[in-house]
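Okay, so here's the structure we're looking at.
The values are calculated or read from the model by the stated rules, or taken from the named source; none is laboratory data. Treat the numbers as computed from the prediction; the structure is a model and nothing was measured. Cβ placement follows ideal geometry from the backbone for every residue including glycine, while neighbour counts extend to all protein chains displayed. The protein model used for the area step is the full one, side chains on, heavy atoms only, and it has no ligands, DNA or RNA in it. Shrake-Rupley method; radii C 1.70, N 1.55, O 1.52, S 1.80 Å.
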Amino acid sequence: MAETPRVLLHNDRTAELSKRLRANFPEVPFETCETYADLPAALSHFQPDILYSVRFAGTDGFPRAAVLGKHAPAWICNGGVGTDHFGVWDADKVQITNAAGVASDMMAEYILGGFLHFTLNVPTLLANKAGRIWQPLVMRPLAGRTLLIVGLGHTGRALSRRAKAFGLSVIGTRANPKAMPDVDEVHPASDLGEVLPRADFIAICTPLTPATRGLIGAGEFAAMKQGVILADVSRGGVVDQTALLAALADGKVAAAVLDVFETEPLPAENLLWGAKNVLISPHCSSVYEGWEEASFTLFLDNFARWIAGKPLLNVVDPRRGY
């Protein structure tokens, strides 16, 4: 590591980031880059020790080869949570950290909001309002029902805290199971098939890794309780969209709240657009006013640790993807 580390800021808007970096570390040399196309040249020219990078234009076209190539920095701070766009890297040559936890509360609210959208029958309420139809409806309470959280990371834990306040029973899966606050049962990931039939609501919060790609497929949908409501805030590829469409069509899945997709943006011809009882958002469950500031604050805190020679926070294991 250089005595005075060189920092490259990579985002589509870098003015405010530059201002904050300069205010906190006035002696640190840095440059900025605001496109994917210009990043390889910026890495070659500036040869930074540290890269702060936000995946602001999707995964397709992200210059992974240049980022992890000849001029790879010693530390890459990923401004978001998911690191699948980096593929697998050599942890002995480069450390990659992420912003896990920065948006977990917002994503938990998104999931519960999606569940309530359907249990309170909001689609019918909106249709009746448009038609000026006075039709009393029966609401479905959350209390007394069971929520399965697939992946008890930052988002899963934030969701469990809120779910208990609504009176839900909470069960969850994680790679290394251990007792956790606000979770009634924690199961190993290998037990997924055993716990799926018990859930009235399922939240997919696991990262995309080789082990989780296609995790929720036809067999898993077949194991679910009839009429389950599913929310997916993981990454496109964890849930098999073809199998999901079939489960929606036969009523196995009563409703789905989807923020991530196998192809993003979701093509206009994709059948999910026309599927009944599907709420679609364009991968924005983690986007809230102030999230970029919070992510960069985490980077600044970690940068201070780097300068002090302390271990970084949120270091991602390339074998696990989180």
field: Residues of the stretch 163-188 that turn out to be within 20 Å of the chain's Cα centre (by Cα) and surrounded by fewer than 16 Cβ atoms within 10 Å (Cβ to Cβ), as a count
entry: 1
statement: Those residues of the stretch 102-136 which are of a type in the set (D, E, K, R) and surrounded by fewer than 13 Cβ atoms within 10 Å (Cβ to Cβ) amount to LYS129, ARG132
query: Mind checking which residues of the stretch 77-96 are open to solvent by less than 20 Å² (accessible area, probe 1.4 Å) and either in contact with a helix residue (DSSP H, G or I) (Cβ under 7 Å, 6 or more places away or on another chain) or part of a helix (DSSP H, G or I) (or both)?
result: CYS77, GLY79, HIS85, PHE86, ILE96
Neighbours by Cβ (under 8 Å, 6+ apart or cross-chain): first from the stretch 129-147, in contact (Cβ under 8 Å) with a residue 60 or more places away in the chain and at positive phi; second surrounded by 11 or more Cβ atoms within 10 Å (Cβ to Cβ) and aliphatic (A, V, I, L, M): none
query: If you take the residues of the stretch 190-213 that are over 22 Å from TYR110 (Cα atoms) and open to solvent by 40 Å² or more (accessible area, probe 1.4 Å), which of them is modelled with the lowest pLDDT?
result: PRO210
- request: Kindly indicate which of ALA99, ALA72 is under 30 Å from LYS310 (Cβ atoms), assigned to a loop (DSSP other than H, G, I, E, B), open to solvent by 20 Å² or more (accessible area, probe 1.4 Å) and of a type in the set (Gly, Ala, Ser).
  value: ALA72
statement: If you go through VAL315, VAL257, the only one that is touching a Leu at 6+ places or on another chain (Cβ under 6 Å) and either exposed (fewer than 12 other Cβ atoms within 10 Å of the Cβ) or β-branched (Val, Ile, Thr) (or both) is VAL257
message: Of all residues being open to solvent by 60 Å² or more (accessible area, probe 1.4 Å) and touching a helix residue (DSSP H, G or I) at 6+ places or on another chain (Cβ under 8 Å) in the stretch 45-64, which is modelled with the highest pLDDT? Just the residue, please.
response: ARG64
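This table checks each residue for (1) more than 30 Å from HIS117 (Cβ to Cβ); (2) of a type in the set (Asp, Glu).
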{"site": "PRO282", "(1), (2)": "no, no"}
{"site": "GLU292", "(1), (2)": "no, yes"}
{"site": "SER295", "(1), (2)": "no, no"}
{"site": "LEU298", "(1), (2)": "yes, no"}
{"site": "ASN302", "(1), (2)": "yes, no"}
{"site": "LEU312", "(1), (2)": "yes, no"}
{"site": "TYR322", "(1), (2)": "no, no"}
task: Pick out the one residue from GLY290, GLY251 that is free of Cβ contacts under 8 Å to residues at least 12 places away in the same chain, on the phi > 0 side of the Ramachandran plot and surrounded by fewer than 16 Cβ atoms within 10 Å (Cβ to Cβ).
output: GLY290
query: Name the pairs: first residue in the stretch 168-182 and farther than 15 Å from THR155 by Cβ, second residue crowded, with 20+ Cβ neighbours inside 10 Å and of a type in the set (Val, Ile, Thr), Cβ to Cβ under 8 Å, at least 6 apart or on different chains?
result: ILE171/ILE149; ILE171/VAL183
- prompt: Which one of these is open to solvent by 20 Å² or more (accessible area, probe 1.4 Å), small (Gly, Ala, Ser) and within 29 Å of the chain's Cα centre (by Cα): ALA42, ALA15?
  reply: ALA15
- prompt: Can PRO177 be described as farther than 21 Å from ASP259 by Cβ, outside any loop (DSSP other than H, G, I, E, B) and not charged (D, E, K, R)?
  reply: no
Pairs where the first residue, in the stretch 148-160, is of a type in the set (Ser, Thr, Tyr) and the second is at pLDDT 95 or above and part of a helix (DSSP H, G or I), C-beta under 7 Å, 6+ apart: THR155/SER104; THR155/MET107; THR155/ALA108
- prompt: Where residues in the stretch 20-38 are assigned to a loop (DSSP other than H, G, I, E, B) and of a type outside the set (Phe, Trp, Tyr), which of them is most open to solvent (accessible area, probe 1.4 Å)?
  reply: GLU27
